[in-house]
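Engineer: Structure provided below as structure tokens; questions to follow.
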């Protein structure tokens, strides 16, 4: 298992922002998800917040993809992947491994389409963020 900084004791409000960001992201509201996660990211100076920065960057990457901006898409998704890969596969109860697999699939698709082919990529090509709680939901998104 990867060793990563432990998350601090998050407040109820922090968890609400994190869960709100996940719901917004999964609905394709990438900018709003980014904003929800940034609220928590700004509150903590610790190294673990690199995980939140990874989530913020994945949202920014898919936001750029929707805008058909090749460089921004690739840059943000590669940066997100590098940050998320530093954390355990179930950090904060999130299925990080599946998220990274989804980023990899998107990067392969974006690269194969090239700068001029981004319009052909469906809007729903982004990976869903799945929560894992004690392995009880088998990686399926939780109903909130």
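The values are calculated or read from the model by the stated rules, or taken from the named source; none is laboratory data. Small disclaimer: the values here were computed from a predicted structure and weren't measured. Note that we place each Cβ from the backbone using ideal geometry, even for glycine, and neighbour counts take in every protein chain shown.
Engineer: Please work out if residue 18 is closer than 18 Å to residue 133 by Cα, within 16 Å of the chain's Cα centre (by Cα) and assigned to a helix (DSSP H, G or I).
Structural biologist: yes
Engineer: Determine whether segment 122-143 contains at least one residue that is outside any helix (DSSP H, G or I), farther than 21 Å from residue 36 by Cα and at pLDDT 95 or above.
Structural biologist: Within segment 122-143, none of the residues are outside any helix (DSSP H, G or I), farther than 21 Å from residue 36 by Cα and at pLDDT 95 or above.
Engineer: Looking at (1) modelled with pLDDT of 95 or more; (2) surrounded by fewer than 18 Cβ atoms within 10 Å (Cβ to Cβ); (3) in a loop (DSSP other than H, G, I, E, B), which one does residue 89 not meet, given that it meets all the others?
Structural biologist: So the condition that residue 89 fails would be (1).
Engineer: Quick check on my filter: what residues within segment 16-38 are surrounded by fewer than 19 Cβ atoms within 10 Å (Cβ to Cβ) and closer than 22 Å to residue 86 by Cα?
Structural biologist: Correct list: 19, 38.
Engineer: Which ones in segment 24-71 are part of a loop (DSSP other than H, G, I, E, B), over 19 Å from residue 95 (Cβ atoms) and either touching a helix residue (DSSP H, G or I) at 6+ places or on another chain (Cβ under 9 Å) or in contact (Cβ under 8 Å) with a residue 60 or more places away in the chain (or both)?
Structural biologist: 29, 44, 67, 68, 69
Engineer: Here's something else I'd like to know. With the structure loaded, tell me whether residue 70 is farther than 22 Å from residue 12 by Cβ, modelled with pLDDT under 95 and surrounded by 15 or more Cβ atoms within 10 Å (Cβ to Cβ) or whether it fails that test.
Structural biologist: no
Engineer: A further question on this structure: What's the number of the condition residue 99 fails, among (1) under 18 Å from residue 19 (Cα atoms); (2) over 15 Å from the mean Cα position of the chain (by Cα); (3) in a helix (DSSP H, G or I)?
Structural biologist: Among (1) under 18 Å from residue 19 (Cα atoms); (2) over 15 Å from the mean Cα position of the chain (by Cα); (3) in a helix (DSSP H, G or I), the lone unmet condition for residue 99 is (2).
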